[in-house]
Structure formats: structure tokens, C-alpha cells
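Down below is the structure, laid out as C-alpha cells.
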Amino acid sequence: ISSFVDKTDDKTGSREIANVFANKYKTLYNSVPPDKAKVDNIAKQVKQKLHNDSLIDIDITGENIHTAMKSIKAGKSDDQGILFSNHLLHASPQFFIHITKLFNCMMRHGYNPSCLLYSTIISIPKDIRGDIYTSDNYRGISLCSSIYKLFELVILYKQGDHLGHILHT
């Protein structure tokens, strides 16, 4: 944010501005229903809505990967700027064989490698013509691994119809 503005919510300097957004997102992204029963109810709804009652039963195919790849936008980087979406978009056919095996292993074993789970939240203006000096005009987006983004797209492609209405019922 400090590269955009030199003041936010009457705070100046990169450290103070970073603290404004750190506190804002800490509250927002750590907000869960305070009631254990509500959390359990959400988990129950997710399980009920999943096809075949279990994600473990999902078989990810190369075709699923290719379909999800259509949603990948060019020129996007991961949270560390190491792997770009273009790497995936221009990958060899061998990549798809290996990534399909990886995704199936992740599903069957219920394990996600920690290197895929890291993300960085950055703030972008909601309204460029709005007040750029207030944190309320910013929203956080998460930059995650391009490979994990592909994994999420595959899951949404395969299970999106079952997951989309969970919080609306």
C-alpha cells in the first residue's frame, strides 16, 4: 500500500500503514462464528453438499485440469513472484500427467504440501476515484501459489454446484 499512498486513516509511514491493514485483515480473516455449533453446522452442510459425500472419492482427470486451465489468467504471479501463471499455461503435456497425479494424491491422502498453502494478502483500491486515504476503500486479495490456484479451480469445476449454496441454505 505504501507505494500507492503516503497516508492511510491518518497514519503515515510504511510501518504504520502496514499496521492499519494488518489489524484490519487480522480481524476480518480470523472471524468465524463464535459458536461451536455454528461451525459444526457449516461443516455438516459442506459434507452433505459434496458429491459422493467425500472429496476423497473425486477422481481428477487430465481433462479436468485442461478445463480448469481455461480460467487461468496470463501474467499472474504467486505470492513470492517465483511461479507465474504463464508457466502453467505454457507447460508441456508431461506437466499435466504429473499435476494430475499430484492432485489425486492430495485428494486421496487429505494432504496439501505446505509450500502450496502460503499466500500473501495485498490491498487494492475498491474505487480508484474514491478516497485512497481511507482503509475502507481497500480490499484484500490473496496471492497464492499458481499450482494451488489450479487445484482450487479443479475442485470448483468438479464440486462447485454442490458447494455454491452451502451458506445460502
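Per the 1.4 Å probe, what fraction of the accessible area of the stretch 69-143, in percent, lies on carbon and sulfur atoms? Kindly include the intermediate steps, with their values, before the conclusion.
Details: 2820 of 5010 Å².
The C+S portion of the solvent-accessible surface of the stretch 69-143 is 56 percent.
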Worksheet entry | Two-site label geometry, Lys126 and Asp59: point separation in nm, points 7 Å out along Cα→Cβ | 4.6
Worksheet item: Hey, what do the phi angles of the stretch 88-96 turn into as Karplus ³J(HN,Hα) couplings, whole Hz, using 6.51/-1.76/1.60 and θ = phi - 60°, x for Gly and Pro?
Response: 6, 5, 10, 6, 6, x, 4, 4, 5
Item to complete: Excluding Asn19 itself, calculate the net charge of residues whose Cβ lies under 14 Å from the Cβ of Asn19, where each Lys or Arg counts +1 and each Asp or Glu counts -1.
Response: +2
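Between Ile141 and Gln94, what is the FRET efficiency for a Förster distance of 30 Å, r being their Cβ-Cβ separation, to the nearest 0.05? Could you put the intermediate results ahead of the total?
Working: r = 32 Å, r/R0 = 1.05.
That pair, Ile141 with Gln94, gives E of 0.45.
Which whole-number value in Å² is the accessible area per residue of the stretch 65-147, probe 1.4 Å?
On the way: 5230 Å² over 83 residues.
Counting only protein heavy atoms, the per-residue value for the stretch 65-147 is 63 Å².
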Discussion item. What distance in nm separates the two pseudo spin-label positions at Asn112 and Asn19, each 7 Å out from Cα along the beta-carbon direction?
Written reply: 3.2
Practice prompt. Please give every one of the lysines within straight-line cross-link reach of Lys149, meaning a C-alpha to C-alpha distance under 20 Å, and leave out same-chain neighbours fewer than 8 residues apart.
Written response: Lys70, Lys73, Lys76, Lys101, Lys158
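The values are calculated or read from the model by the stated rules, or taken from the named source; none is laboratory data. This structure is a prediction, so every number in the text was calculated from the model and none was measured. Cβ atoms come from the backbone with ideal geometry, glycine included; neighbour counts cover every protein chain shown. Remember, those area values only see protein heavy atoms, side chains included, never the ligands or the DNA or RNA. Shrake-Rupley method; radii C 1.70, N 1.55, O 1.52, S 1.80 Å.
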